[in-house]
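Please read the structure below before turning to the comments.
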There are 2 protein chains.
Amino acid sequence: MKSIKTAILIGAGNVATHLGMALKANGIEVLQVYSRTGKSAAALAQKLDCYCTTDIKKILPHADLYIFSVADGALDYLLNSFDIKNAFVVHTSGSLNMNIFAGHNVRYGVLYPLQTFSKKVKISFSNIPLCIEAQDDEHLKQLMKLARRVSRKVEHITSPQREALHIAAVFACNFTNHMFAIADELLQKEKLSFDLLYPLLDETLRKVKTHKPADVQTGPAIREDKVIMQKHLDMLSTLPAYQKIYNFISRSIRESKDKNKKS
Amino acid sequence: MKSIKTAILIGAGNVATHLGMALKANGIEVLQVYSRTGKSAAALAQKLDCYCTTDIKKILPHADLYIFSVADGALDYLLNSFDIKNAFVVHTSGSLNMNIFAGHNVRYGVLYPLQTFSKKVKISFSNIPLCIEAQDDEHLKQLMKLARRVSRKVEHITSPQREALHIAAVFACNFTNHMFAIADELLQKEKLSFDLLYPLLDETLRKVKTHKPADVQTGPAIREDKVIMQKHLDMLSTLPAYQKIYNFISRSIRESKDKNKKS
């Protein structure tokens, strides 16, 4: 089996940056960074000590792997201009089916890191689950070997499974973060610090690691405490967006309770 | 200053149970448990090795503190039947104003543990923030001293602040748990385990402990990635409750972005 020793990054955003650094740190040579923005390409290339380009036609032809880490909408367009025949290409998207590569005269797979990346926040790559998929067993094995160099948790995940993971991650991470942002805003109005909630947040997370989340639901909605819920809705009367969120999530919690009873 | 050495619990639910055990473990004698349900009262009294009663008129008159840990709607009714004159009483509610005690011929305060309690889940009380409030400085000091015996984190919190904390906790804990429950359900449909998300959940929490939550928002809504959002809404077409939640939270994330830009 051929080992992947060199890679080229197409894209220079958060995922490309974190992944590129992890590859370099684990002995995979990144040869080049492409970005349509010269500044981003140069910044990441400097970190990785490699070439950069803003011209898709100037991507070097001899890398073992080409990693497309760009916005979903840009991938198809870039692929149409990418003309390195028989290259081994992957994308890093949670939501794009692997078959977007079919018919492009390339060998292909997916390398999706299941994590939230912010420019401001450093992260250890070795704890990030890498979800991989490939056109056939041979390429899957190659990707598996590569992925295991940078992460302790590598999973073979099909495209439909990856789509489910991605939307689940939106609820569990992005929407959860917005719940925290709302809480922070409500506390600020009363000159209270968000860190008062830390023990509660720790416990909320600890509970769902040892129990099924639906089984440890607490709060006024699951207790059907209408007096408190109405009071909270009144408190949110000047914040209609949060009032709607309060209402719909509470209803959904209530409906889930009925659903769990039936099942 | 008088020290609180004995207490009586009015109520035998999750909060009363956890608080009663913590008091006992830290040298406060619980003399008696009242509950309108004999079985609950007896079960908790056995754990605390004390008397129990289902008759509010038979509550012992000589305790240093009476802790009302009952549903918000039940407190007023119970207070009307509670006739120990000049007793020092507190409630443990996040949402009831302290002045519910005014006019009841008692001395009063609040002892609100900011945590989520499930019957199924054990918890260490010493890490739970105890939010206290009292009618005057003397009673505040007494409660402060008691609270510090059972918790490392005691805060003087006014009634309006406590209301804000309570609704913030609903968003940050109860609603967050429901986001996890939805994620779990979506993963199950594709035979994936919720524990794949643990690193993402850890990171989501770690980020908001070092940054303002609104500053580290990620995901399709903040990027305004309409293609992915539409795809997710389509995936949720058979789950209209979750579709609504997806829609309203995404909109709210988007609106918060605009708000942050302006401020």
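Some observations on this one:
- Filtering the range A:191-228 to residues that are within 13 Å of B:F175 (Cα to Cα) and touching a Pro at 6+ places or on another chain (Cβ under 9 Å) leaves only A:L200.
- Residue list for the range A:108-139, restricted to those being over 13 Å from the mean Cα position of the chain (by Cα) and surrounded by fewer than 18 Cβ atoms within 10 Å (Cβ to Cβ): A:K119, A:K120, A:V121, A:K122, A:S124, A:S126, A:N127, A:Q135, A:D136, A:D137, A:E138
- Hits in the range B:224-246 (condition: within 34 Å of the chain's Cα centre (by Cα), within 21 Å of A:N97 (Cβ to Cβ), part of a helix (DSSP H, G or I) and within 8 Å of chain A (Cβ to nearest Cβ)): B:H232, B:Y246
- A:I123 falls short on exactly one of the conditions (1) modelled with pLDDT of 95 or more; (2) over 19 Å from B:A183 (Cβ atoms), and that condition is (1).
- Filtered by the rule that a residue be at the interface with chain A (Cβ under 10 Å from one of its Cβ atoms) and either assigned to a helix (DSSP H, G or I) or not hydrophobic (A, V, I, L, M, F, W, C) (or both), the range B:127-151 gives B:N127, B:P129, B:S151.
- Filter result for the condition that a residue is in contact with a Phe, Trp or Tyr (Cβ under 7 Å, 6 or more places away or on another chain) and either at pLDDT 95 or above or not in a strand (DSSP E or B) (or both), over B:V70, B:V15, B:V30: B:V15
- Filtering the range B:152-169 to residues that are of a type in the set (A, V, I, L, M, F, W, C), within 7 Å of chain A (Cβ to nearest Cβ) and out of contact with any His (no Cβ under 9 Å at 6 or more places or on another chain) leaves B:A164, B:L165, B:A168, B:A169.
- In the set A:L192, A:L205, A:L196, A:L200, only one residue is within 28 Å of the chain's Cα centre (by Cα), within 16 Å of B:R162 (Cβ to Cβ) and in the same structural domain as A:S256 (by TED's automatic domain parsing); that residue is A:L200.
- Single condition B:Y77 does not satisfy, out of (1) within 14 Å of another protein chain (Cβ to nearest Cβ); (2) crowded, with 18+ Cβ neighbours inside 10 Å; (3) over 16 Å from B:N14 (Cα atoms); (4) free of Cβ contacts under 8 Å to residues at least 60 places away in the same chain: (2)
- The range B:239-263, subset modelled with pLDDT of 95 or more and hydroxyl-bearing (S, T, Y), residue farthest from A:I167 (Cα to Cα): B:S252
- Candidates A:L111, A:L201 - the one that is part of a strand (DSSP E or B), of a type in the set (A, V, I, L, M) and out of contact with any Gly (no Cβ under 7 Å at 6 or more places or on another chain): A:L111
- Hits in the range B:198-234 - residues which are touching a residue at least 24 places away in the same chain (Cβ under 8 Å) and surrounded by 16 or more Cβ atoms within 10 Å (Cβ to Cβ): B:A214, B:Q217, B:G219, B:P220, B:A221, B:I222
- Of the residues making up the range A:26-40, those that are at negative phi and in contact (Cβ under 8 Å) with a residue 40 or more places away in the chain number 2.
- A:S237 passes every criterion in (1) surrounded by fewer than 22 Cβ atoms within 10 Å (Cβ to Cβ); (2) closer than 22 Å to B:F194 by Cα apart from (2).
- For A:K57: the one exception among (1) over 22 Å from the mean Cα position of the chain (by Cα); (2) under 25 Å from A:G103 (Cβ atoms); (3) not in a helix (DSSP H, G or I): (3)
- Residues located in the range B:155-174, provided they are crowded, with 20+ Cβ neighbours inside 10 Å and not in a helix (DSSP H, G or I): B:E155, B:I157
- Within the range B:170-223, being of a type in the set (D, E, K, R) and more than 7 Å from every other protein chain (Cβ to nearest Cβ) holds for B:E185, B:K191, B:D195, B:D202, B:R206, B:D215, B:R223.
- Members of the range B:221-249 that are more than 26 Å from A:R254 (Cα to Cα) and of a type in the set (K, R): B:R223, B:K226, B:K231
- Positions within the range A:252-263 being facing chain B (nearest Cβ under 7 Å) and within 22 Å of B:G73 (Cβ to Cβ), in sequence order: A:I253
- Residue in the range A:17-27 that is surrounded by 15 or more Cβ atoms within 10 Å (Cβ to Cβ) and farther than 24 Å from A:K120 by Cα present: no
- The range B:41-64: number of residues that are closer than 12 Å to B:I10 by Cβ and of a type in the set (S, T, Y): 2
- Residues in the range A:113-155 that are of a type outside the set (A, V, I, L, M) and without any contact (Cβ under 8 Å) to a residue 12 or more places away in the chain were compared, and the one that is farthest from A:I28 (Cα to Cα) is A:K120.
The values are calculated or read from the model by the stated rules, or taken from the named source; none is laboratory data. All values derive from a computational prediction rather than experimental measurement. So basically every Cβ, Gly included, is an ideal-geometry build from the backbone, and we count neighbours across all protein chains shown.
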